[in-house]
Amino acid sequence: MAETPHLREDPETPGRWRAGGDWTLANAARLERIAAALPGDATLDARGIDRMDASGAMLLWRLVRDASASGEGLQLRDEHAPLFAAVSGICHN
């Protein structure tokens, strides 16, 4: 079952934002809107993302880039890391 995507600030760690739900093409418009809330100095914890496709990985890459967060600061599920790395490599070139 599809999970609504979200991006919320961690109440216990100011400046850390938690991403969750399905980051997929089907949710692209919603993801674009919620991504606008991310401040420029945020760190991202994306371990709550249930499903991610290339469009979701690209948006996540853009968030990392725009938030001036280093790729090392991004936390991902192991199963999402290869897709994120592939999209990141394409976007950097």
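Scanning region 20-29 for residues that are of a type in the set (A, V, I, L, M), in contact with a Phe, Trp or Tyr (Cβ under 7 Å, 6 or more places away or on another chain), open to solvent by less than 90 Å² (accessible area, probe 1.4 Å) and modelled with pLDDT of 90 or more turns up nothing. Scanning region 34-52 for any residue that is part of a helix (DSSP H, G or I), open to solvent by 50 Å² or more (accessible area, probe 1.4 Å) and in contact (Cβ under 8 Å) with a residue 24 or more places away in the chain turns up nothing. Residues in region 14-33 that are touching an Asp or Glu at 6+ places or on another chain (Cβ under 9 Å) and not in a helix (DSSP H, G or I): 15, 16, 17, 18, 19, 20, 21, 22, 23, 24.
Looking at region 55-92, which of its residues are open to solvent by 40 Å² or more (accessible area, probe 1.4 Å) and modelled with pLDDT under 90? Scanning region 55-92 gives 62, 65, 66, 68, 70, 71, 72, 92. Can you pull out every residue in region 8-27 that is in contact with a helix residue (DSSP H, G or I) (Cβ under 8 Å, 6 or more places away or on another chain) and without any contact (Cβ under 8 Å) to a residue 40 or more places away in the chain? Of everything in region 8-27, those that are in contact with a helix residue (DSSP H, G or I) (Cβ under 8 Å, 6 or more places away or on another chain) and without any contact (Cβ under 8 Å) to a residue 40 or more places away in the chain turn out to be 21, 22, 23, 24, 25, 27.
The values are calculated or read from the model by the stated rules, or taken from the named source; none is laboratory data. These numbers were taken from a predicted model, which means no experiment stands behind them. Counting neighbours? That spans all protein chains shown, and the Cβs are built from the backbone with ideal geometry, glycine included. Just so you know, the surface numbers come from the protein's heavy atoms only, side chains and all, with ligands and any DNA or RNA stripped out. Shrake-Rupley method; radii C 1.70, N 1.55, O 1.52, S 1.80 Å.
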